[in-house]
1. Does segment 383-400 contain at least one residue that is among the polar types (S, T, N, Q) and surrounded by fewer than 18 Cβ atoms within 10 Å (Cβ to Cβ)?
2. If a residue must be under 30 Å from residue 156 (Cα atoms), in contact with a helix residue (DSSP H, G or I) (Cβ under 6 Å, 6 or more places away or on another chain) and of a type in the set (A, V, I, L, M, F, W, C), how many such residues does segment 254-297 contain?
3. Test each condition in (1) touching a residue at least 40 places away in the same chain (Cβ under 8 Å); (2) surrounded by fewer than 23 Cβ atoms within 10 Å (Cβ to Cβ); (3) not aromatic (Phe, Trp, Tyr) for residue 11 and report the one that comes out false.
4. Kindly check whether there is at least one residue in segment 265-279 that is touching a residue at least 40 places away in the same chain (Cβ under 8 Å), of a type in the set (Ser, Thr, Tyr) and surrounded by 24 or more Cβ atoms within 10 Å (Cβ to Cβ).
5. Suppose the filter is at pLDDT below 90, under 24 Å from residue 55 (Cβ atoms), open to solvent by 20 Å² or more (accessible area, probe 1.4 Å) and not aromatic (Phe, Trp, Tyr); does residue 261 pass it?
6. Applying the selection to segment 330-345, what residues are β-branched (Val, Ile, Thr) and not in a helix (DSSP H, G or I)?
7. Part of a loop (DSSP other than H, G, I, E, B) and in contact (Cβ under 8 Å) with a residue 12 or more places away in the chain: is that true of residue 262 in this structure?
8. Do any helices (runs of 4 or more DSSP H) entirely within segment 351-424 hold 2 or more residues that are of a type in the set (A, V, I, L, M) and under 17 Å from the mean Cα position of the chain (by Cα), and if so, which?
Amino acid sequence: MKNWLINQRYRQVISICLPLVIGMSATTIMEFTDRVFLSNYSLEAISAATPAGITAYLFMAFFGGIGGYVTVFIAQYHGSGQEEEIGSVLWQGIYFCLISWALLSLVAWFLTTPFFQFVGHEPTVRVLEEVYFRILCYGAVFHVGIQTLGSFFSGRGLTRPVMAVNIIAMVINIPLDYALIYGVGIIPEMGIAGAGIATISSSGVSVAILLFLIFNKIHIRRFNLLGNRRYNHEVFKRLLRFGVPGSMQFSLDILAFTIFILVVGRIGTVELAATNIVIAVNAIAFMPSMGVSQGISILVGQALGKGRPELARYATWSAIHLLLAYILMVDLVFIFTPETVLALFIPQSSVASQYGPVLETSTNLMRIVACYLFFDALYMVFSGVLRGAGDTRFIMWSVCLASIFCFVVPLIAGIEFFDRGIYYSWGCVLFFIFSLFTVSTSRYRAGKWTSMLVIERSTEPRPSF
(Lines give C-alpha, C1' and ligand atoms only; values in the text may rest on other atoms or scores of the structure.)
Protein backbone atom coordinates (compact mmCIF):
# COMPACT_ATOMS: atom_id res chain seq x y z
CA MET A 1 0.00 0.00 0.00
CA LYS A 2 2.82 2.37 0.92
CA ASN A 3 4.64 1.70 -2.36
CA TRP A 4 1.40 2.31 -4.26
CA LEU A 5 0.99 5.73 -2.60
CA ILE A 6 4.58 6.67 -3.40
CA ASN A 7 4.12 5.68 -7.03
CA GLN A 8 0.91 7.69 -7.19
CA ARG A 9 2.72 10.79 -5.93
CA TYR A 10 5.40 10.45 -8.58
CA ARG A 11 2.76 9.88 -11.25
CA GLN A 12 0.86 12.99 -10.18
CA VAL A 13 3.98 15.14 -10.33
CA ILE A 14 4.91 13.71 -13.72
CA SER A 15 1.40 14.17 -15.13
CA ILE A 16 1.35 17.86 -14.17
CA CYS A 17 5.01 18.80 -14.61
CA LEU A 18 6.10 16.78 -17.65
CA PRO A 19 3.80 18.53 -20.16
CA LEU A 20 4.96 21.88 -18.75
CA VAL A 21 8.57 20.79 -19.10
CA ILE A 22 8.01 19.62 -22.68
CA GLY A 23 6.10 22.78 -23.56
CA MET A 24 8.73 25.08 -22.08
CA SER A 25 11.49 23.02 -23.66
CA ALA A 26 9.78 23.49 -27.02
CA THR A 27 9.88 27.24 -26.47
CA THR A 28 13.53 27.03 -25.46
CA ILE A 29 14.36 24.93 -28.51
CA MET A 30 12.93 27.77 -30.61
CA GLU A 31 15.26 30.22 -28.88
CA PHE A 32 18.17 27.77 -29.06
CA THR A 33 17.63 27.26 -32.80
CA ASP A 34 17.35 31.00 -33.24
CA ARG A 35 20.77 31.44 -31.59
CA VAL A 36 22.30 28.64 -33.69
CA PHE A 37 21.06 30.27 -36.91
CA LEU A 38 22.29 33.71 -35.84
CA SER A 39 25.64 32.33 -34.69
CA ASN A 40 26.15 30.82 -38.13
CA TYR A 41 24.87 34.03 -39.77
CA SER A 42 27.48 36.35 -38.22
CA LEU A 43 29.49 36.90 -35.04
CA GLU A 44 27.90 40.34 -34.64
CA ALA A 45 24.39 38.85 -34.85
CA ILE A 46 24.96 36.30 -32.08
CA SER A 47 26.76 38.92 -29.99
CA ALA A 48 23.72 41.23 -30.27
CA ALA A 49 20.98 38.62 -29.92
CA THR A 50 21.37 37.68 -26.26
CA PRO A 51 21.88 41.19 -24.78
CA ALA A 52 18.90 42.54 -26.73
CA GLY A 53 16.84 39.38 -26.26
CA ILE A 54 17.37 39.09 -22.53
CA THR A 55 16.75 42.82 -22.04
CA ALA A 56 13.45 42.52 -23.89
CA TYR A 57 12.66 39.36 -21.96
CA LEU A 58 13.21 41.29 -18.73
CA PHE A 59 10.13 43.38 -19.52
CA MET A 60 8.23 40.45 -21.01
CA ALA A 61 8.95 38.28 -17.97
CA PHE A 62 7.68 40.93 -15.58
CA PHE A 63 4.34 41.44 -17.32
CA GLY A 64 4.05 37.78 -18.32
CA GLY A 65 4.73 36.73 -14.72
CA ILE A 66 1.84 38.85 -13.46
CA GLY A 67 -0.50 37.50 -16.13
CA GLY A 68 0.77 33.98 -15.48
CA TYR A 69 0.05 34.29 -11.75
CA VAL A 70 -3.58 33.74 -12.74
CA THR A 71 -2.48 30.08 -12.60
CA VAL A 72 -2.15 30.16 -8.81
CA PHE A 73 -5.56 31.79 -8.39
CA ILE A 74 -7.21 29.22 -10.63
CA ALA A 75 -5.37 26.36 -8.89
CA GLN A 76 -6.59 27.47 -5.47
CA TYR A 77 -10.13 28.16 -6.70
CA HIS A 78 -10.15 24.73 -8.35
CA GLY A 79 -8.81 23.03 -5.21
CA SER A 80 -11.37 24.73 -2.99
CA GLY A 81 -14.26 23.91 -5.33
CA GLN A 82 -14.96 27.57 -6.28
CA GLU A 83 -14.92 27.05 -10.04
CA GLU A 84 -17.48 29.82 -10.54
CA GLU A 85 -14.65 32.31 -9.80
CA ILE A 86 -12.32 31.02 -12.52
CA GLY A 87 -13.91 32.96 -15.38
CA SER A 88 -13.65 36.27 -13.53
CA VAL A 89 -9.95 35.93 -12.68
CA LEU A 90 -9.19 34.87 -16.28
CA TRP A 91 -10.80 38.06 -17.60
CA GLN A 92 -8.80 40.22 -15.19
CA GLY A 93 -5.69 38.60 -16.62
CA ILE A 94 -6.86 39.41 -20.17
CA TYR A 95 -7.40 43.06 -19.21
CA PHE A 96 -3.92 43.11 -17.75
CA CYS A 97 -2.56 41.82 -21.10
CA LEU A 98 -4.01 44.83 -22.90
CA ILE A 99 -2.48 47.22 -20.38
CA SER A 100 0.91 45.53 -20.71
CA TRP A 101 0.79 45.86 -24.52
CA ALA A 102 0.47 49.65 -24.26
CA LEU A 103 3.30 49.91 -21.72
CA LEU A 104 5.68 47.65 -23.67
CA SER A 105 5.07 49.62 -26.84
CA LEU A 106 6.08 52.79 -24.99
CA VAL A 107 9.26 51.06 -23.82
CA ALA A 108 10.15 50.13 -27.41
CA TRP A 109 9.42 53.61 -28.71
CA PHE A 110 11.21 55.75 -26.13
CA LEU A 111 13.91 53.68 -24.39
CA THR A 112 15.59 51.56 -27.06
CA THR A 113 18.22 53.93 -28.46
CA PRO A 114 19.16 55.71 -25.19
CA PHE A 115 19.50 52.41 -23.36
CA PHE A 116 21.79 50.65 -25.82
CA GLN A 117 23.88 53.79 -26.29
CA PHE A 118 24.38 53.80 -22.52
CA VAL A 119 25.40 50.12 -22.54
CA GLY A 120 28.23 50.99 -24.91
CA HIS A 121 28.75 47.85 -26.98
CA GLU A 122 30.58 48.11 -30.32
CA PRO A 123 28.58 50.17 -32.88
CA THR A 124 27.99 47.26 -35.28
CA VAL A 125 26.58 45.19 -32.41
CA ARG A 126 24.56 48.06 -30.94
CA VAL A 127 22.63 48.70 -34.16
CA LEU A 128 21.54 45.05 -34.28
CA GLU A 129 20.63 45.10 -30.58
CA GLU A 130 18.25 48.02 -31.14
CA VAL A 131 16.52 46.34 -34.09
CA TYR A 132 15.99 43.05 -32.25
CA PHE A 133 14.86 44.70 -29.01
CA ARG A 134 12.22 46.87 -30.71
CA ILE A 135 10.65 43.98 -32.60
CA LEU A 136 10.43 41.78 -29.50
CA CYS A 137 8.88 44.56 -27.38
CA TYR A 138 6.23 45.46 -29.97
CA GLY A 139 5.17 41.82 -30.14
CA ALA A 140 5.55 41.08 -26.41
CA VAL A 141 1.78 41.20 -25.85
CA PHE A 142 1.63 37.71 -27.37
CA HIS A 143 4.08 36.41 -24.76
CA VAL A 144 1.97 37.89 -21.95
CA GLY A 145 -1.15 36.48 -23.58
CA ILE A 146 0.29 32.96 -23.72
CA GLN A 147 1.13 33.05 -20.01
CA THR A 148 -2.31 34.38 -19.06
CA LEU A 149 -4.50 32.25 -21.31
CA GLY A 150 -2.49 29.10 -20.60
CA SER A 151 -3.33 29.57 -16.91
CA PHE A 152 -6.94 28.62 -17.65
CA PHE A 153 -5.80 25.07 -18.34
CA SER A 154 -2.68 24.65 -16.22
CA GLY A 155 -4.28 26.05 -13.06
CA ARG A 156 -6.82 23.21 -13.22
CA GLY A 157 -4.04 20.67 -13.74
CA LEU A 158 -4.67 20.36 -17.50
CA THR A 159 -1.15 21.04 -18.72
CA ARG A 160 -1.27 19.05 -21.97
CA PRO A 161 -3.13 21.73 -23.99
CA VAL A 162 -0.42 24.25 -23.07
CA MET A 163 2.23 21.74 -24.12
CA ALA A 164 0.52 21.16 -27.47
CA VAL A 165 0.27 24.89 -28.19
CA ASN A 166 3.97 25.40 -27.47
CA ILE A 167 4.94 22.49 -29.71
CA ILE A 168 2.84 23.91 -32.56
CA ALA A 169 4.56 27.27 -32.09
CA MET A 170 7.96 25.57 -32.29
CA VAL A 171 7.04 23.72 -35.49
CA ILE A 172 6.00 27.03 -37.06
CA ASN A 173 8.91 29.07 -35.72
CA ILE A 174 11.95 27.02 -36.72
CA PRO A 175 11.46 26.97 -40.53
CA LEU A 176 10.12 30.53 -40.47
CA ASP A 177 13.16 31.60 -38.45
CA TYR A 178 15.55 30.10 -40.99
CA ALA A 179 13.69 31.59 -43.94
CA LEU A 180 13.55 35.11 -42.52
CA ILE A 181 17.16 35.15 -41.27
CA TYR A 182 18.84 33.79 -44.43
CA GLY A 183 16.21 34.50 -47.06
CA VAL A 184 14.51 31.71 -49.01
CA GLY A 185 12.89 32.13 -52.44
CA ILE A 186 10.82 35.31 -52.46
CA ILE A 187 11.48 35.88 -48.74
CA PRO A 188 14.27 38.46 -48.38
CA GLU A 189 17.30 37.97 -46.12
CA MET A 190 16.54 39.90 -42.92
CA GLY A 191 19.18 38.67 -40.45
CA ILE A 192 18.45 39.42 -36.81
CA ALA A 193 15.25 41.31 -37.71
CA GLY A 194 13.92 38.14 -39.30
CA ALA A 195 14.61 36.23 -36.09
CA GLY A 196 12.50 38.71 -34.12
CA ILE A 197 9.62 38.64 -36.60
CA ALA A 198 9.59 34.83 -36.58
CA THR A 199 9.41 34.80 -32.77
CA ILE A 200 6.43 37.13 -32.47
CA SER A 201 4.63 35.48 -35.40
CA SER A 202 4.71 32.03 -33.78
CA SER A 203 3.63 33.56 -30.45
CA GLY A 204 0.68 35.21 -32.17
CA VAL A 205 -0.42 31.82 -33.53
CA SER A 206 -0.22 30.37 -29.99
CA VAL A 207 -2.51 33.10 -28.62
CA ALA A 208 -5.04 32.48 -31.40
CA ILE A 209 -5.12 28.75 -30.66
CA LEU A 210 -5.53 29.28 -26.91
CA LEU A 211 -8.43 31.69 -27.46
CA PHE A 212 -10.09 29.12 -29.71
CA LEU A 213 -9.65 26.35 -27.11
CA ILE A 214 -10.90 28.45 -24.18
CA PHE A 215 -13.95 30.15 -25.67
CA ASN A 216 -15.92 27.10 -26.75
CA LYS A 217 -19.51 26.33 -25.77
CA ILE A 218 -18.58 23.93 -22.97
CA HIS A 219 -16.22 26.33 -21.20
CA ILE A 220 -18.49 29.34 -21.74
CA ARG A 221 -21.35 27.47 -20.06
CA ARG A 222 -19.34 25.79 -17.27
CA PHE A 223 -17.36 28.86 -16.15
CA ASN A 224 -19.82 31.53 -17.30
CA LEU A 225 -17.00 33.10 -19.32
CA LEU A 226 -19.21 35.67 -21.02
CA GLY A 227 -21.18 36.55 -17.89
CA ASN A 228 -17.96 37.04 -15.87
CA ARG A 229 -16.24 39.29 -18.39
CA ARG A 230 -16.78 42.58 -16.52
CA TYR A 231 -13.88 44.30 -14.83
CA ASN A 232 -13.67 43.27 -11.15
CA HIS A 233 -11.61 45.77 -9.22
CA GLU A 234 -11.24 43.56 -6.14
CA VAL A 235 -9.98 40.53 -8.10
CA PHE A 236 -7.73 42.70 -10.29
CA LYS A 237 -6.22 44.34 -7.21
CA ARG A 238 -5.65 40.94 -5.60
CA LEU A 239 -3.97 39.71 -8.78
CA LEU A 240 -1.57 42.65 -8.67
CA ARG A 241 -1.04 42.28 -4.92
CA PHE A 242 0.29 38.74 -5.25
CA GLY A 243 1.26 38.70 -8.93
CA VAL A 244 3.62 41.69 -8.91
CA PRO A 245 5.88 40.33 -6.13
CA GLY A 246 5.63 36.85 -7.64
CA SER A 247 6.66 38.17 -11.04
CA MET A 248 9.44 40.26 -9.51
CA GLN A 249 11.13 37.05 -8.37
CA PHE A 250 11.78 35.90 -11.92
CA SER A 251 12.19 39.44 -13.27
CA LEU A 252 14.91 40.22 -10.73
CA ASP A 253 16.66 37.01 -11.75
CA ILE A 254 16.48 38.14 -15.38
CA LEU A 255 17.59 41.68 -14.44
CA ALA A 256 20.62 40.32 -12.64
CA PHE A 257 21.56 38.19 -15.67
CA THR A 258 20.88 41.14 -17.99
CA ILE A 259 23.36 43.24 -16.04
CA PHE A 260 25.73 40.28 -16.10
CA ILE A 261 25.60 39.99 -19.90
CA LEU A 262 25.94 43.74 -20.41
CA VAL A 263 28.96 43.89 -18.09
CA VAL A 264 30.56 40.85 -19.74
CA GLY A 265 30.14 42.63 -23.08
CA ARG A 266 32.53 45.29 -21.80
CA ILE A 267 35.26 42.65 -21.37
CA GLY A 268 35.34 41.80 -25.06
CA THR A 269 33.43 40.39 -28.04
CA VAL A 270 34.89 36.89 -27.64
CA GLU A 271 33.84 36.74 -23.99
CA LEU A 272 30.38 38.08 -24.86
CA ALA A 273 29.89 35.58 -27.69
CA ALA A 274 31.04 32.68 -25.45
CA THR A 275 28.69 33.79 -22.68
CA ASN A 276 25.77 34.10 -25.11
CA ILE A 277 26.39 30.60 -26.48
CA VAL A 278 26.66 29.04 -23.01
CA ILE A 279 23.50 30.80 -21.83
CA ALA A 280 21.66 29.47 -24.89
CA VAL A 281 22.82 25.93 -24.02
CA ASN A 282 22.04 26.44 -20.35
CA ALA A 283 18.51 27.52 -21.22
CA ILE A 284 17.83 24.06 -22.61
CA ALA A 285 19.10 22.45 -19.40
CA PHE A 286 17.28 24.97 -17.20
CA MET A 287 13.79 24.68 -18.68
CA PRO A 288 12.88 21.39 -16.96
CA SER A 289 13.61 23.08 -13.62
CA MET A 290 11.39 25.98 -14.65
CA GLY A 291 8.63 23.64 -15.78
CA VAL A 292 8.79 21.65 -12.55
CA SER A 293 8.70 24.90 -10.56
CA GLN A 294 5.49 25.95 -12.31
CA GLY A 295 4.00 22.48 -11.88
CA ILE A 296 4.79 22.51 -8.15
CA SER A 297 3.11 25.91 -7.84
CA ILE A 298 -0.05 24.36 -9.33
CA LEU A 299 0.05 21.30 -7.07
CA VAL A 300 0.75 23.40 -3.97
CA GLY A 301 -2.06 25.81 -4.88
CA GLN A 302 -4.53 22.97 -5.32
CA ALA A 303 -3.41 21.24 -2.10
CA LEU A 304 -3.70 24.41 -0.01
CA GLY A 305 -7.06 25.17 -1.62
CA LYS A 306 -8.20 21.77 -0.31
CA GLY A 307 -6.68 22.49 3.11
CA ARG A 308 -4.18 19.60 2.67
CA PRO A 309 -0.61 21.00 3.01
CA GLU A 310 0.80 17.50 3.49
CA LEU A 311 -0.07 16.77 -0.16
CA ALA A 312 2.03 19.77 -1.13
CA ARG A 313 5.02 18.40 0.82
CA TYR A 314 4.72 14.99 -0.86
CA ALA A 315 4.61 16.62 -4.29
CA THR A 316 7.62 18.80 -3.48
CA TRP A 317 9.95 15.95 -2.57
CA SER A 318 8.74 13.75 -5.40
CA ALA A 319 9.58 16.58 -7.81
CA ILE A 320 13.04 17.02 -6.26
CA HIS A 321 13.88 13.33 -6.69
CA LEU A 322 12.86 13.35 -10.36
CA LEU A 323 14.57 16.64 -11.15
CA LEU A 324 17.90 15.71 -9.57
CA ALA A 325 18.04 12.51 -11.62
CA TYR A 326 17.73 14.66 -14.73
CA ILE A 327 20.36 17.16 -13.54
CA LEU A 328 22.85 14.33 -12.99
CA MET A 329 22.59 13.27 -16.64
CA VAL A 330 22.97 16.85 -17.91
CA ASP A 331 26.00 17.48 -15.70
CA LEU A 332 27.77 14.43 -17.09
CA VAL A 333 27.46 15.87 -20.60
CA PHE A 334 28.47 19.40 -19.57
CA ILE A 335 31.53 18.19 -17.66
CA PHE A 336 32.89 15.44 -19.91
CA THR A 337 31.69 16.18 -23.47
CA PRO A 338 30.70 19.88 -23.74
CA GLU A 339 32.19 20.12 -27.25
CA THR A 340 29.42 17.91 -28.68
CA VAL A 341 26.85 20.59 -27.82
CA LEU A 342 28.99 23.64 -28.55
CA ALA A 343 29.82 22.37 -32.06
CA LEU A 344 26.31 23.41 -33.15
CA PHE A 345 27.31 27.06 -32.79
CA ILE A 346 30.49 26.85 -34.88
CA PRO A 347 29.93 27.59 -38.60
CA GLN A 348 31.34 25.08 -41.08
CA SER A 349 33.06 27.66 -43.27
CA SER A 350 36.28 29.53 -43.80
CA VAL A 351 35.47 31.98 -41.00
CA ALA A 352 35.22 29.19 -38.41
CA SER A 353 38.80 29.86 -37.30
CA GLN A 354 37.77 33.07 -35.55
CA TYR A 355 35.54 30.96 -33.30
CA GLY A 356 38.52 29.09 -31.80
CA PRO A 357 38.88 31.33 -28.72
CA VAL A 358 35.09 31.38 -28.35
CA LEU A 359 34.94 27.57 -28.31
CA GLU A 360 37.77 27.26 -25.77
CA THR A 361 36.15 29.78 -23.41
CA SER A 362 32.70 28.24 -23.82
CA THR A 363 34.02 24.77 -22.96
CA ASN A 364 35.36 25.99 -19.61
CA LEU A 365 32.17 27.93 -18.85
CA MET A 366 30.05 24.82 -19.44
CA ARG A 367 31.75 23.14 -16.50
CA ILE A 368 30.93 26.10 -14.25
CA VAL A 369 27.30 25.83 -15.35
CA ALA A 370 27.32 22.15 -14.38
CA CYS A 371 28.24 23.17 -10.83
CA TYR A 372 25.35 25.53 -10.27
CA LEU A 373 22.61 23.50 -12.01
CA PHE A 374 22.19 21.38 -8.87
CA PHE A 375 21.55 24.36 -6.59
CA ASP A 376 19.44 26.09 -9.23
CA ALA A 377 17.12 23.07 -9.52
CA LEU A 378 16.48 22.97 -5.77
CA TYR A 379 15.96 26.73 -5.64
CA MET A 380 13.37 26.54 -8.42
CA VAL A 381 11.41 23.80 -6.66
CA PHE A 382 11.33 25.53 -3.26
CA SER A 383 10.52 28.92 -4.78
CA GLY A 384 7.71 27.21 -6.74
CA VAL A 385 6.26 26.00 -3.43
CA LEU A 386 6.37 29.50 -1.95
CA ARG A 387 4.90 31.02 -5.09
CA GLY A 388 2.04 28.52 -5.17
CA ALA A 389 1.19 29.39 -1.57
CA GLY A 390 1.28 33.16 -2.12
CA ASP A 391 4.49 33.86 -0.20
CA THR A 392 5.54 36.16 -3.02
CA ARG A 393 6.71 39.20 -1.04
CA PHE A 394 9.36 37.16 0.76
CA ILE A 395 10.60 35.76 -2.55
CA MET A 396 10.73 39.23 -4.09
CA TRP A 397 12.76 40.80 -1.29
CA SER A 398 15.12 37.85 -0.88
CA VAL A 399 15.90 37.74 -4.61
CA CYS A 400 16.31 41.53 -4.65
CA LEU A 401 18.85 41.54 -1.82
CA ALA A 402 20.71 38.50 -3.13
CA SER A 403 20.88 40.03 -6.62
CA ILE A 404 22.44 43.20 -5.28
CA PHE A 405 24.84 41.97 -2.63
CA CYS A 406 25.66 38.46 -3.87
CA PHE A 407 25.82 39.15 -7.59
CA VAL A 408 25.72 42.66 -9.06
CA VAL A 409 28.00 44.44 -6.56
CA PRO A 410 30.80 41.82 -6.58
CA LEU A 411 30.44 41.45 -10.37
CA ILE A 412 30.78 45.16 -11.20
CA ALA A 413 33.47 45.70 -8.56
CA GLY A 414 35.53 42.81 -9.89
CA ILE A 415 35.25 43.82 -13.55
CA GLU A 416 35.46 47.60 -13.30
CA PHE A 417 37.89 48.07 -10.40
CA PHE A 418 39.97 44.88 -10.15
CA ASP A 419 40.16 43.95 -13.84
CA ARG A 420 38.79 40.44 -13.32
CA GLY A 421 37.85 38.36 -16.34
CA ILE A 422 35.19 36.03 -17.65
CA TYR A 423 35.75 33.17 -15.19
CA TYR A 424 35.45 35.48 -12.19
CA SER A 425 32.18 36.79 -13.68
CA TRP A 426 30.74 33.28 -13.91
CA GLY A 427 31.97 32.58 -10.38
CA CYS A 428 29.68 35.42 -9.29
CA VAL A 429 26.80 33.60 -11.03
CA LEU A 430 27.57 30.45 -9.04
CA PHE A 431 27.65 32.36 -5.74
CA PHE A 432 24.35 34.09 -6.57
CA ILE A 433 22.54 30.82 -7.32
CA PHE A 434 23.87 29.24 -4.14
CA SER A 435 22.59 32.17 -2.05
CA LEU A 436 19.10 31.82 -3.58
CA PHE A 437 19.13 28.10 -2.84
CA THR A 438 20.05 28.77 0.81
CA VAL A 439 17.34 31.39 1.36
CA SER A 440 14.52 29.44 -0.35
CA THR A 441 15.39 26.22 1.49
CA SER A 442 15.31 28.01 4.86
CA ARG A 443 11.94 29.58 4.10
CA TYR A 444 10.46 26.25 3.02
CA ARG A 445 11.68 24.51 6.17
CA ALA A 446 10.14 27.26 8.35
CA GLY A 447 6.70 26.10 7.12
CA LYS A 448 4.84 29.42 7.15
CA TRP A 449 3.70 28.77 3.58
CA THR A 450 1.44 25.88 4.69
CA SER A 451 -1.16 28.30 6.10
CA MET A 452 -1.25 30.79 3.20
CA LEU A 453 -3.86 31.44 0.49
CA VAL A 454 -4.22 34.05 -2.26
CA ILE A 455 -8.00 33.58 -2.49
CA GLU A 456 -10.88 34.03 -0.08
CA ARG A 457 -11.95 30.57 0.99
CA SER A 458 -15.59 29.79 0.42
CA THR A 459 -17.68 29.29 3.55
CA GLU A 460 -19.70 26.64 1.75
CA PRO A 461 -18.55 23.01 2.17
CA ARG A 462 -16.74 21.42 -0.78
CA PRO A 463 -18.44 18.58 -2.62
CA SER A 464 -17.30 15.23 -1.27
CA PHE A 465 -16.36 13.88 -4.70
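1. Start the filter on segment 383-400 by keeping residues that are among the polar types (S, T, N, Q), which leaves 383, 392, 398.
Now narrow it down to the ones that are surrounded by fewer than 18 Cβ atoms within 10 Å (Cβ to Cβ): none.
No: segment 383-400 contains no residue that is among the polar types (S, T, N, Q) and surrounded by fewer than 18 Cβ atoms within 10 Å (Cβ to Cβ).
2. The number of residues fulfilling the criteria is 8.
3. Answer for residue 11: the failing condition is (1).
4. First pass over segment 265-279, keeping only residues touching a residue at least 40 places away in the same chain (Cβ under 8 Å): 265-267, 269-279.
From what's left, of a type in the set (Ser, Thr, Tyr): 269, 275.
Add one more test, that the residue is surrounded by 24 or more Cβ atoms within 10 Å (Cβ to Cβ), and what stays is 275.
Yes, because at least one residue in segment 265-279 is touching a residue at least 40 places away in the same chain (Cβ under 8 Å), of a type in the set (Ser, Thr, Tyr) and surrounded by 24 or more Cβ atoms within 10 Å (Cβ to Cβ).
5. On the way: at pLDDT below 90: yes; under 24 Å from residue 55 (Cβ atoms): yes; open to solvent by 20 Å² or more (accessible area, probe 1.4 Å): no; not aromatic (Phe, Trp, Tyr): yes.
Here the answer is no, as residue 261 does not meet what is asked.
6. Step one: of segment 330-345, the residues β-branched (Val, Ile, Thr) are 330, 333, 335, 337, 340-341.
Scanning segment 330-345 gives a single hit, 337.
7. Working: part of a loop (DSSP other than H, G, I, E, B): no; in contact (Cβ under 8 Å) with a residue 12 or more places away in the chain: yes.
For residue 262, the condition - part of a loop (DSSP other than H, G, I, E, B) and in contact (Cβ under 8 Å) with a residue 12 or more places away in the chain - is not met.
8. On the way: elements: 356-389, 392-403, 409-412.
In segment 351-424, the matching helices (runs of 4 or more DSSP H) lie at 356-389, 392-403.
The values are calculated or read from the model by the stated rules, or taken from the named source; none is laboratory data. Predicted, not measured: the structure shown is a model, and the values here were computed from it. Backbone-built Cβ (ideal geometry, glycine too); neighbour counts: all protein chains shown. Heavy atoms of the whole protein, side chains included, go into the accessibility calculation; ligands, DNA and RNA do not. Shrake-Rupley method; radii C 1.70, N 1.55, O 1.52, S 1.80 Å.
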